[in-house]
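Before any comments, here is the structure.
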Amino acid sequence: MPLALLALAIGAFGIGTTEFVIMGLLPEIAGDYGVSIPTAGLLVTGYAIGVVIGAPLMTVLGTRISRKTMLLLLMGLFVAGNLLSALAPGFGVMLGGRIVASLAHGAFFGIGSVAAADMVAPHKKAGAIATMFTGLTVAYVVGVPLGTFIGQAVGWRTTFVIVAVLGLVGLVGIATLVPAVPRPEGTRLRRELTAFRNPQVLLAMAMTVLGFGGVFAAITYIAPMMTQVAGYSADAVTWLLVLFGVGMFLGNLLGGRFADRALMPMLYTALGGLAVVLALFTLTAHNKVAAAASVFLVGALGFATVPPLQKRVLDQAHGAPTLASAVNIGAFNLGNALAAWLGGLVIAAGLGFTAPNWVGALLAAAALVLAVWSAALERRAPASEPAGEPAGAAVPAPALVHD
């Protein structure tokens, strides 16, 4: 794998840290600004909304410049947002800084996925994407707990300054290591939009929303589930989340490795296994050891879907992958928000803290059904029609595949 992927992984590590560390620092931030915890929770919601909106918006704005230049601008925006958060004199400014940082999130992972895949041979593309996403998984294992500890011990503003420095390191790495390819002549926006005419692209995005949503239906409510059902202490939740992050890390690497060999079978295995584990989690949550094992497996199987789903979008939107890739990153966050909402509904209905696991299992099973349907449609496609192209769509010029 090219060394340039390390630079992308460092950027991903910083982005992953700033996305999740806020959850552990909400009490400190709320106390500092004199707002309630629910109000401080807007820092989480605002970031998620910014990712969903920023992914297509920033990608569209960058259609006329090279991917390397756009990645540098996105990392600069990320650094600026975190510095603004660190120095914010009031809660409103802090929220603004979070939204500024979030605008870079989806486009960075979307454009970075395309750039990573273009650096390697065709049979290594999913592995390259997984290498970049390793930064995100390591953030959950190392960055979030360490950032939370620093924020609680020294001050939450210090955490955001450190994240901004990580962004600068990623920016320098991208500037130094990522190869520069001249941008294509003219605008590519119309070509990028044609990818959404392909039903296979839309099916892959729907799989992303449902499949990864299944993970967060359960994990969003891990604290009350582990303390009130499994019997863990509140202090143990942090280490259970680290265990979840280790599962994410390993699942991401295995998902990338096996997706390069057999993408759809890997996707069937991960989604099917995730649905089964989430369904069983309703029972295993009543035993400490079994509950911890389930948390690990949910992380591993959930993130094993990320490289194949991201590569599936790139394959089906070939010739115009950048916008589709970025929108698919937004789909991950949309799935998180949707699943968290559904999980909250079943808890509010009095079905207990394990009920979100059933929600997650149904979402993952629905994603598996879509995967099987997508493969069946692909097999029935006319032999004369290029794979992944909607009927009647023009085949893009080879010169526009890399920019």
- Task: Of all alpha-carbon pairs in the range 230-375, indicate the percentage at a distance above 27 angstrom.
- Result: 23 percent
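In nm², what is the average projected area of the convex hull enclosing the Cα atoms of the chain?
18.3 nm²
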- Message: Can you compute the FRET efficiency between residue 121 and residue 349 using 1/(1 + (r/R0)^6), with r the Cβ-Cβ distance and R0 = 60 Å? Round to the nearest 0.05.
- Response: 0.75
- Query: How much net charge surrounds residue 119 when only other residues with a Cβ under 13 Å from its Cβ are counted (Lys, Arg +1; Asp, Glu -1)?
  - Reply: +3
- Please report how far the C-alpha centroid of the range 146-181 lies from that of the range 225-257, rounded to the nearest whole angstrom. 24 Å
- Message: Given a 10 angstrom Cα cut-off, can you work out which residue in 242, 306, 142 is the most mobile in a GNM of the chain?
- Response: 142
- Query: Over the range 240-287, one equal point on each Cα, no solvent: what is log10 I(q)/I(0) by the Debye formula at q = 0.18, 0.19, 0.28 Å⁻¹?
  - Reply: -0.67, -0.73, -1.04
- Message: Given a 1.4 angstrom probe, what's the average accessible area per residue across the chain, in square angstrom?
- Response: 39 Å²
- Out of every Cα-Cα pair in the range 1-143, what percent are more than 26 Å apart? 26 percent
- Task: Go ahead and collect, in residue order, the members of the range 329-371 whose backbone nitrogen is under 19 Å from a label point 7 Å along the Cα-Cβ direction of residue 287.
- Result: 354-355, 357-358
- In whole Hz, what ³J(HN,Hα) sequence does the range 111-120 give by Karplus (6.51, -1.76, 1.60; θ = phi - 60°), x for Gly and Pro? 5, x, 4, 5, 4, 5, 5, 6, 7, 10
- the chain - percent of accessible surface contributed by carbon and sulfur, probe 1.4 Å: 73 percent
- What 222 nm value per residue comes from the helices of the chain, counting each DSSP H run with n ≥ 4 as -39,500 (n - 2.57) and dividing by all residues, nearest 500 deg cm²/dmol? -26000 deg cm²/dmol
- Query: In Å, what Rg and Dmax follow from the Cα atoms of the range 195-313?
  - Reply: 15.1, 50
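The values are calculated or read from the model by the stated rules, or taken from the named source; none is laboratory data. Computed from a predicted structure; not experimentally measured. In this analysis, Cβ positions are derived from the backbone assuming ideal geometry, glycine residues included, and neighbour counts consider all displayed protein chains. Areas reflect the complete protein model, heavy atoms only, side chains present, ligands, DNA and RNA absent. Shrake-Rupley method; radii C 1.70, N 1.55, O 1.52, S 1.80 Å.
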